[in-house]
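All remarks here apply to the structure that follows.
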Amino acid sequence: MLNYIAMALVFLACAGTGALISRTMMQRARQLELSLQMIAQLRAQLQYSRPPVQTMIADLCQQSQHPAFLPRCLHSMNTGTDFPQAWHGALQSPGHGLKDDDCRHLLSLGQLLGASDAAGQREALQLHETLLSTQLDQARTVRDTRGKAAFTLGVLAGLTVMILFI
């Protein structure tokens with residue numbers, strides 16, 4: 001009886017690992033999608049109303065769909081940290097699902113917001129939107145190919161271990 005429980009736990013561990021890898025790939029693609037939406041909304045705000053950076057970030061955080069790092073940035077800004085440092089700290093904190101390459105593009109965006117006139121910021125946002133769009137295409141490709149494969153391989157590895165122990 002104990003053998004069956006041990007085999008079931010090994011199967012669940014393998015399948016869970018595959019599911020976790022797949023979920024990580026899905027989370028990255030979703031965070032990049034949300035980051036692109038954020039950039040589009042920032043561009044629209046800069047074009048029409050030109051509010052301060054903290055107001056723009058607060059407006060984005062009030063929406064139901066926003067990147068995971070954005071509330072951390074707003075919290076830091078509300079405690080007195082200036083925007084570039086708050087942005088950098090939010091992107092350096094773990095748990096947002098983005099890779100280092102994605103963060104590098106977003107980090108440079110944080111140095112541009114509020115640093116020049118509205119037209120210059122809109123152009124920079126458009127450039128970053130193009131860069132992140134390329135990253136998103138790559139993330140979707142990886143998610144669709146390797147994500148499904150990782151989950152399937154996790155389940156198959158668990159079944160293989162179970163068969164070997166029987």
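The values are calculated or read from the model by the stated rules, or taken from the named source; none is laboratory data. Here the structure is a predicted model, which means the values were calculated and not measured. Ideal geometry is used to build each Cβ from the backbone, glycine not excepted, and the neighbour counts take in all protein chains shown. Just so you know, the surface numbers come from the protein's heavy atoms only, side chains and all, with ligands and any DNA or RNA stripped out. Shrake-Rupley method; radii C 1.70, N 1.55, O 1.52, S 1.80 Å.
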Open item on the list: Any residue in region 125-140 that is within 18 Å of Leu42 (Cα to Cα) sitting within a Cβ distance under 9 Å of a residue that is in a helix (DSSP H, G or I) and among the acidic types (Asp, Glu)? List the pairs, counting only those 6 or more apart or interchain.
Closed with: Leu132/Asp102
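Okay, residues lined up against (1) at pLDDT below 90; (2) more than 18 Å from Leu60 (Cα to Cα); (3) out of contact with any helix residue (DSSP H, G or I) (no Cβ under 6 Å at 6 or more places or on another chain):
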position: Gly80; (1), (2), (3): yes, yes, yes
position: Phe83; (1), (2), (3): yes, no, no
position: Ala90; (1), (2), (3): yes, no, no
position: Gly97; (1), (2), (3): yes, yes, no
position: Asp102; (1), (2), (3): yes, yes, no
position: Gly147; (1), (2), (3): yes, yes, no
position: Phe165; (1), (2), (3): yes, yes, no
Open item on the list: Looking for something open to solvent by 50 Å² or more (accessible area, probe 1.4 Å), in a helix (DSSP H, G or I) and either within 30 Å of Val142 (Cβ to Cβ) or among the aromatic types (Phe, Trp, Tyr) (or both) - is there at least one such residue anywhere in region 49-69?
Closed with: no
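Could you tell me whether region 126-143 includes any residue that is part of a loop (DSSP other than H, G, I, E, B), surrounded by 19 or more Cβ atoms within 10 Å (Cβ to Cβ), out of contact with any Cys (no Cβ under 6 Å at 6 or more places or on another chain) and not hydroxyl-bearing (Ser, Thr, Tyr)?
The initial filter retains those residues of region 126-143 that are part of a loop (DSSP other than H, G, I, E, B), namely none.
Scanning region 126-143, I find no residue that is part of a loop (DSSP other than H, G, I, E, B), surrounded by 19 or more Cβ atoms within 10 Å (Cβ to Cβ), out of contact with any Cys (no Cβ under 6 Å at 6 or more places or on another chain) and not hydroxyl-bearing (Ser, Thr, Tyr), so the answer is no.
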- [ ] Could you run through region 20-42 and say how many residues are of a type in the set (Gly, Ala, Ser) and either surrounded by fewer than 16 Cβ atoms within 10 Å (Cβ to Cβ) or closer than 14 Å to Leu159 by Cβ (or both)?
- [x] 1
Open item on the list: Based on this model, can you work out whether Gln111 counts as surrounded by fewer than 17 Cβ atoms within 10 Å (Cβ to Cβ), outside any helix (DSSP H, G or I) and of a type outside the set (D, E, K, R)?
Closed with: no
